[in-house]
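A quick write-up on the structure given underneath.
The values are calculated or read from the model by the stated rules, or taken from the named source; none is laboratory data. All values reported here derive from a predicted model rather than from experimental measurement. Note that we place each Cβ from the backbone using ideal geometry, even for glycine, and neighbour counts take in every protein chain shown.
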Ligand code: SF4
């Protein structure tokens, strides 16, 4: 399963290790969108799908446990 989300896994690990933070919408895109087939890196045409908005909401409220998700992806 992890192989399906390599960018998510790398970014989540960086966040957990304190190498980067989730501040701007582009930070959330790097975590949640980089493995998506519909993602266009650096382009303004990116929409915000309901899954992105839901996960962003949960992350902002500390209700999405990155470590647990990483563990499940192993
Ligand atoms: S917002 Fe949703 S559809 Fe768009 S790139 Fe991100 S995950 Fe994919």
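Conditions (1) away from the ligand (no atom under 16 Å from the Cβ); (2) outside any helix (DSSP H, G or I), marked per residue:
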| residue | (1), (2) |
| --- | --- |
| 8 | no, no |
| 11 | no, no |
| 14 | yes, no |
| 21 | yes, yes |
| 26 | no, no |
| 30 | no, no |
| 35 | no, yes |
| 59 | no, no |
| 71 | yes, no |
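For the range 37-57, a residue qualifies if it is at pLDDT 90 or above and either in a helix (DSSP H, G or I) or farther than 18 Å from residue 5 by Cα (or both), and the qualifying residues are 50, 51, 52, 53, 54, 55, 56, 57. Checked against (1) loosely packed, with under 12 Cβ neighbours inside 10 Å; (2) within 16 Å of the ligand (Cβ to nearest atom); (3) within 14 Å of the chain's Cα centre (by Cα), residue 67 passes all but condition (2).
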